[in-house]
Amino acid sequence: MIRIHILGSAAGGGLPQWNCACANCAAARAGKIAPQTQSSIAISSESEDKRQWFLINASPDLPRQIENMPELQPHRDSPRNTPIRAVFLTNADIDHALGLFLLRQDEAPLVVYAADQTRTALAWIDGVLARFRRIEWRKISADFQSLSGSLGFRAIQLPGSVAYQFRDDSSGATALFAPIVGELTEQLRNAVDASAVILFDGTFWTDGELATVRPGARTSREMNHLPISDGSLDFLRQSPARRKIFTHMNNTNPILRPGSRERAQVEQAGIAIARDGLEIVL
Ligand SMILES: [Zn+2]
Ligand SMILES: [Zn+2]
């Protein structure tokens, strides 16, 4: 059995974002829609030691996310401990990596799985953390490798990021986490076809969405995110997965608004929209 807990479901900046007065950020401040912290999930294998958790991406909101999830908190049987065994990184974005720095109050090395290019891009975090806690970098590969008990994982290389597929060998359950998808590569399509649960890049609804609040902003595709409306919606609609969920939503995304036409289109396609605290057991 695999357990997935969505710690944060927003793209960089969160919802609301400190300097944003868009309709969604204003609605979140007014308590009309739920706020969202920055994208990260916790995953565990339930068949053995329940207290082994792995994080995929470590956001700047990580300390708050840990306080919102009792199972990620230290056990009372010793003064200092954590059930977090390792962190997986999808890329080197600040909103995915800054949380590493916030785990510095520990002497044991911090185990981090990442692609070589992510490790290279994060050399500065290595440098800053070295005074407190060493990072023990682990390599990832396209083939499944064992992680903990019956839980295994593999990496799907994408342009500028990786997706991770997890598999529980005792139950056969599979889950895919792909929060940054710039291109529907053949390997990604195959992984989507072979996963029962899919958490997928839902950053932007349209390519030009960010320019509506920040004139001159790069397009969704220029930022390595396939927009939902003319990119991932049809693709995911056709996927045979049992549960399909958009996550890593930018605060400008209209699917965050209950009653919006865009949200209805996503729901009609059989795709759910992530929220902080959502838990999936498979
Ligand atoms: Zn991000
Ligand atoms: Zn906003």
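Structure notes:
- Per-q log10 I(q)/I(0), region 23-176, q = 0.16 Å⁻¹ (Debye; single scatterer per alpha-carbon; no solvent): -0.96
- Distance between the C-alpha centres of region 1-47 and region 85-156: 22 Å, rounded to the whole angstrom.
- Shape summary of region 165-212, radius of gyration then Dmax from alpha carbon positions: 13.7, 48 Å.
- Residue-wise HN-Hα couplings along region 219-228, as the Karplus relation 6.51 cos²θ - 1.76 cosθ + 1.60 with θ = phi - 60° gives them from phi, are 7, 4, 5, 5, 9, 6, 10, 5, x, 5 Hz; Gly and Pro carry x.
- Each stretch of four or more DSSP H residues adds -39500 (n - 2.57); spread over every residue of the chain, this sum gives -5000 deg cm²/dmol at 222 nm.
- Prolate/oblate/rounded label for region 185-256 (Cα gyration tensor, a/c 1.5): prolate
- Largest first, the extents of the alpha carbon coordinates of region 2-276 on the three principal axes equal 50, 40, 35 Å.
- For the chain, the relative contact order works out to 20 percent when only alpha carbon pairs closer than 8 Å and six or more residues apart are counted.
- Amide H partners (placed H, <5 Å) of Leu103, local residues excluded: none
- Over region 65-112, all Cα pairs binned in 10 Å intervals from 0 give whole-percent P(r) values of 21, 55, 22, 2, listed from short to long.
- When the alpha carbon coordinates of region 135-282 are projected onto the principal axes, the ranges are 47, 32, 29 Å, largest first.
- Taking the average, over residues, of other Cβ atoms within 10 Å as the packing measure, peptides 129-142, 6-19, 165-178 rank 6-19, 165-178, 129-142 from highest down.
Laboratory data are not the source of any read-out in this text; all were calculated from the coordinates shown. Note that the structure is a prediction, hence the values are computed from the model and not measured. As a convention, Cβ positions derive from the backbone with ideal geometry for all residues, glycine included, and neighbour counts pool all protein chains shown.
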